[in-house]
Amino acid sequence: MLPHRCHLKHQIPEFLENRLDPARHRAMEIHLEDCESCHREVETWRWIQQNCARHFETPPESRVISADCPATKRKKWPDSPSGTNTPRLLSQQWVPLLCGLLLVVTVAATLRHFLPVPNLPSEVAEDYRKIREGKLSLERYEQDAKELDRFFSMRGVPFNTKVADLRDLHYRLVGGRVHQLINRRSVLYVYQGRSAELLLCEMFVADTAALPSGGFWHEGQKKKFLIYRAKRLNLVFWQDGNMTCVLASDIDPEQLLQAARLEANAI
Ligand SMILES: [Zn+2]
């Protein structure tokens, strides 16, 4: 590679998109045959195009990269609006960096489901209090469990819900909402008893192993339940596939456990 030769890196995006006129396209092909640096650049761009295209759309003007040879280094970008000195958002150095960042974010989003969730029982108890005090509203009032499942599915909840019918225990379904529990998406729904007592159920993607210490296990015939006491409420957690489910209320714990067994479809 000749040290003072002008590279054609500024033409690479246009070259890859077949936007060069035939003469310049041919000149680029000839240049690439004996310029290792530009060849590497082209390979990098192809890799980025293939691997990042599905993650984010890049506006055409931001795919233009600057040349690194002195003759083509410019302070003003000729194709920017009215020739202003606008820096390009995605220059050639930034795209691999953004891809790396995207990878880190994806890994973090996956890992967070396995990280400890310190205050989950308190947070669920807090949701219960807000519902009771009318500070958290339901998105859908619905007495039919199957209809509420359909509503959650229509709202784009990324897991299958199984809202139970608790009428045998004299609790009628009131309705539910798609919710945010700490840093994760949850579904939340509410039952009401004959004396206006409330039962709150929440479901979200998590492992009960990530719950804090301080609960005690209750071994059912088909299911294990983890019971907490927080903010004068009893909370019964259980695992359903990759989901953690919880039922919270101030009713008698044995009755709550019975409702949880029905909710967990375990009896
Ligand atoms: Zn070159």
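The values are calculated or read from the model by the stated rules, or taken from the named source; none is laboratory data. Just so we're clear, the structure is a prediction, and the values are computed from it rather than from any experiment. Reconstructed Cβ throughout: ideal geometry from the backbone, glycine too, with neighbour counts over all protein chains shown. With ligands, DNA and RNA removed, areas are computed over all heavy atoms of the protein, side chains included. Shrake-Rupley method; radii C 1.70, N 1.55, O 1.52, S 1.80 Å.
Results for (1) of a type in the set (A, V, I, L, M, F, W, C); (2) under 16 Å from Q255 (Cα atoms); (3) assigned by TED's automatic domain parsing to the domain that holds N242; (4) without any contact (Cβ under 8 Å) to a residue 24 or more places away in the chain, shown as yes or no for each residue.
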| site | (1), (2), (3), (4) |
| --- | --- |
| A145 | yes, no, yes, no |
| F151 | yes, no, yes, no |
| R155 | no, no, yes, yes |
| P158 | no, no, yes, no |
| I182 | yes, no, yes, no |
| C201 | yes, yes, yes, no |
| A230 | yes, no, yes, no |
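Does the stretch 73-81 contain at least one residue that is open to solvent by less than 70 Å² (accessible area, probe 1.4 Å) and at pLDDT 65 or above?
Pass one, the stretch 73-81, residues open to solvent by less than 70 Å² (accessible area, probe 1.4 Å): 77, 80.
Now drop any that are not at pLDDT 65 or above, which leaves none.
The answer is no; no qualifying residue exists.
What is the one condition in (1) at pLDDT 90 or above; (2) open to solvent by less than 80 Å² (accessible area, probe 1.4 Å); (3) under 44 Å from the mean Cα position of the chain (by Cα); (4) within 13 Å of the ligand (Cβ to nearest atom) that H39 does not satisfy?
All conditions are met except number (2).
Residues being under 22 Å from T244 (Cβ atoms), at pLDDT 95 or above and touching a helix residue (DSSP H, G or I) at 6+ places or on another chain (Cβ under 8 Å): count how many of those fall in the stretch 141-162.
Going through the stretch 141-162 one residue at a time, the tally reaches 0.
Among the residues of the stretch 218-229, is any under 23 Å from R177 (Cβ atoms), open to solvent by 10 Å² or more (accessible area, probe 1.4 Å) and part of a loop (DSSP other than H, G, I, E, B)? Explain how you work it out, then say what you get.
Initially, the stretch 218-229 is screened for residues under 23 Å from R177 (Cβ atoms), giving 228.
Those left that are additionally open to solvent by 10 Å² or more (accessible area, probe 1.4 Å): 228.
Keeping just the survivors that are part of a loop (DSSP other than H, G, I, E, B) gives none.
For the stretch 218-229, residues under 23 Å from R177 (Cβ atoms), open to solvent by 10 Å² or more (accessible area, probe 1.4 Å) and part of a loop (DSSP other than H, G, I, E, B): absent.
Which of the strands (runs of 3 or more DSSP E) contained wholly in the stretch 131-214 include at least 2 residues that are open to solvent by 40 Å² or more (accessible area, probe 1.4 Å), under 19 Å from A260 (Cβ atoms) and out of contact with any strand residue (DSSP E or B) (no Cβ under 6 Å at 6 or more places or on another chain)?
Passing ranges: none, list empty.
Please find, among R229, R184, the residue that is of a type outside the set (A, V, I, L, M, F, W, C) and farther than 21 Å from L136 by Cβ. First the steps, then the outcome.
On the way: R184 fails: farther than 21 Å from L136 by Cβ.
So the residue among R229, R184 that is of a type outside the set (A, V, I, L, M, F, W, C) and farther than 21 Å from L136 by Cβ is R229.
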